[in-house]
Amino acid sequence: MNHVRRIPHSIRFLAAFACAMLGLAVSAPAAFAMRVPASGGSSGVSPTSPSPTLTRAVAASGMTGWQIAVIVAVTAVVAATIAVVVDRARAAHRTQIVPA
């Protein structure tokens with residue numbers, strides 16, 4: 001087997017691995033974030049009662065149905081286009097067997 005043909009595959013693998021590691025590195029600070037008390041004290045004691053939170057209903061500020069339908073339709077068209085392009089690219093690289 002020609003080892004030169006393996007180089008593009010390994011480059012694609014390394015690029016995908018690098019992108020995955022970059023995504024993990026970018027999202028890690030948000031995952032380990034914590035609230036620091038505003039009192040400025042370094043005693044490490046947490047406040048006795050949690051601060052009140054403001055809760056809003058999703059129905060008051062959510063997306064309308066037609067927006068969700070448009071997003072789904074565009075996603076389906078893009079996925080179908082990518083599938084057709086990939087299928088045609090694979091078919092172009094296959095060797096054609098000529099019947100005798």
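The values are calculated or read from the model by the stated rules, or taken from the named source; none is laboratory data. All figures in this text were calculated on a predicted structure; none of them were measured in a lab. Positions of Cβ are backbone-derived with ideal geometry, glycine not excepted, and every protein chain shown enters the neighbour counts.
General remarks:
- Qualifying position, being on the phi < 0 side of the Ramachandran plot, modelled with pLDDT of 80 or more and in a helix (DSSP H, G or I), among ARG12, ARG5: ARG12
- Being on the phi < 0 side of the Ramachandran plot, out of contact with any helix residue (DSSP H, G or I) (no Cβ under 7 Å at 6 or more places or on another chain), of a type in the set (Gly, Ala, Ser) and modelled with pLDDT of 80 or more is true of ALA76.
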